[in-house]
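Only one structure is covered here, and it is reproduced in the block below.
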Amino acid sequence: MKSVVMRDIGGPDCLVVQDVPKPKPSLGEVLVKVTATGICYHDLLDRAGKLHGPQAGSILGHEVAGEVVELGQQVSGLQIGQPVVLFHRMFCNQCQYCLRGRQDLCRNSGILGSNRPGGYGEYVCVPSRNVIPVPANILPEAAALAVCPIGTSVRAVVTVANVHPGDTVLITGASGGLGLHQIQVAKSRGARVIGITSSASKEEIIRSVGADEVVISTDLKFSAEVWRLTGKQGVQAVLENVVSSTFGESLRCLAPNGIAVVLGNTEMKKVELDPGLVISRRLRIEGSGNPTLQDVQRALHLISSGQVKPIIDRIVPFSCAAEAHSILEQRGVSGRIVMKGWREH
Ligand SMILES: [Zn+2]
Ligand SMILES: [Zn+2]
């Protein structure tokens with residue numbers, strides 16, 4: 001089969017198209033023909049060797065849509081030809097966390113494309129419990145985003161922040177891949193959304209996905225403006241995609257008993273915390289990451305019903321993976337680059 005192989009750790013040119021043996025499903029596994037794969041920032045970190053994940057010769061890709069083509073022994077409940085999306089965490093389904101439905105906390109797990117061959121190829125094999133059927137009205141390029149950016153957004157907004165109609169939600173890094181989907185998920189819950197961005201050029205896209213207010217803050221001192229916009233009431237939830245340069249201001253924006261959901265760690269820096277503010281306002285701070293299977297089901301429903309539109313910057317053939325990685329590395333995109341088809345460009 002054709003495949004984009006990472007021939008070494010390094011720059012985008014380490015991604016090369018090669019013929020590799022087509023995988024065979026073993027006991028409990030399913031062979032899936034890949035129809036579309038999203039390129040995540042995580043793939044770039046893996047390729048550059050920053051996450052101790054894949055080695056030379058690996059096939060990246062954890063945002064994978066496809067269709068079932070072969071069932072291994074002891075697989076039931078799936079049909080040949082069925083459109084599916086792959087749950088990217090290889091959870092064990094036996095530990096105390098998995099048994100509580102918290103696949104995101106499973107420690108016996110790896111990630112598709114990081115610890116086993118992923119979706120940058122024509123076919124991929126995964127355990128059947130990682131295969132999630134997709135409603136017929138969702139295109140492959142949209143389905144590819146159901147787990148990582150959209151499922152992660154559902155987890156943060158719905159499951160962790162538990163956003164309700166009438167709440168006001170503040171989103172930092174609002175124009176990013178997570179932010180643009182979080183805005184839509186929060187609107188689907190009946191919330192009012194305030195997006196924070198440091199760049200005036202991003203206001204249009206933030207508004208276009210449904211944000212009610214956009215605060216352009218070049219110095220990232222946005223709490224006074226948020227206080228004004230909420231009539232001095234504060235916000236019920238902050239989705240913190242930036243954290244390192246924004247966290248103090250975000251906490252100041254919260255209403256009593258509000259929650260700050262921590263998702264971003266791009267700069268990997270520590271932040272200061274004002275304990276007096278946390279205590280006096282009874283603030284809650286909670287981390288959020290990978291979705292669970294239930295979060296992905298909710299994400300698929302939101303996409304299928306049109307309440308969340310996957311933000312796709314462009315669709316390119318798999319053979320352009322290296323070029324797509326360098327475009328993403330230069331941050332020249334709003335939304336995902338999705339690979340689909342193998343024609344030469
Ligand atoms: Zn991803
Ligand atoms: Zn487990």
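The values are calculated or read from the model by the stated rules, or taken from the named source; none is laboratory data. The structure displayed is predicted, hence computed values, not measured ones. Here the Cβ is made from the backbone with ideal geometry for all residues, glycine too, and neighbour counts use every protein chain on show.
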- Note on the structure: Among the residues of segment 244-257, the number that are in contact with a Ser or Thr (Cβ under 8 Å, 6 or more places away or on another chain) and within 21 Å of G176 (Cα to Cα) is 5
- Message: Need pairs with beta-carbon distance below 8 Å; first residue assigned by TED's automatic domain parsing to the domain that holds A36 and in contact (Cβ under 8 Å) with a residue 12 or more places away in the chain and within segment 316-334, second part of a loop (DSSP other than H, G, I, E, B) and among the small types (G, A, S); sequence gap 6+ or separate chains.
- Response: P317/G341; F318/G341; S326/G11; S334/S175
- Task: Kindly establish whether L51 is modelled with pLDDT under 95, closer than 30 Å to I311 by Cα and within 16 Å of ligand 1 (Cβ to nearest atom).
- Result: yes
- Task: Return yes or no: is G231 out of contact with any Pro (no Cβ under 7 Å at 6 or more places or on another chain) and part of a loop (DSSP other than H, G, I, E, B)?
- Result: yes
- Within segment 85-105, can you find the residues that are away from ligand 1 (no atom under 16 Å from the Cβ) and either under 17 Å from the mean Cα position of the chain (by Cα) or surrounded by fewer than 21 Cβ atoms within 10 Å (Cβ to Cβ) (or both)? C92, N93, Q94, C95, Q96, Y97, L99, R100, G101, R102, L105
- Can you tell me which of S208, S223, S198 is touching a strand residue (DSSP E or B) at 6+ places or on another chain (Cβ under 8 Å) and of a type in the set (S, T, N, Q)? S198
- Query: Among helices (runs of 4 or more DSSP H) lying entirely in segment 242-345, which contain 3 or more residues that are closer than 30 Å to I132 by Cα and not charged (D, E, K, R)?
  - Reply: 293-304, 321-329
- Item | Selection status of L31, assigned to a strand (DSSP E or B), in the same structural domain as E122 (by TED's automatic domain parsing) and more than 16 Å from ligand 2 (Cβ to nearest atom) | yes
- Task: Please work out if I327 is out of contact with any helix residue (DSSP H, G or I) (no Cβ under 7 Å at 6 or more places or on another chain), under 30 Å from M90 (Cβ atoms) and buried (at least 16 other Cβ atoms within 10 Å of the Cβ).
- Result: yes
- Message: Pairs needed: first member in segment 132-156, within 16 Å of G335 (Cβ to Cβ) and within 15 Å of ligand 1 (Cβ to nearest atom); second member anywhere, in a strand (DSSP E or B) and aromatic (F, W, Y); C-beta distance under 7 Å; at least 6 residues apart or different chains.
- Response: none
- Item | Qualifying positions in segment 85-116 - at pLDDT 95 or above, in a loop (DSSP other than H, G, I, E, B) and closer than 26 Å to A36 by Cα | F87, H88, M90, F91, C92, G113
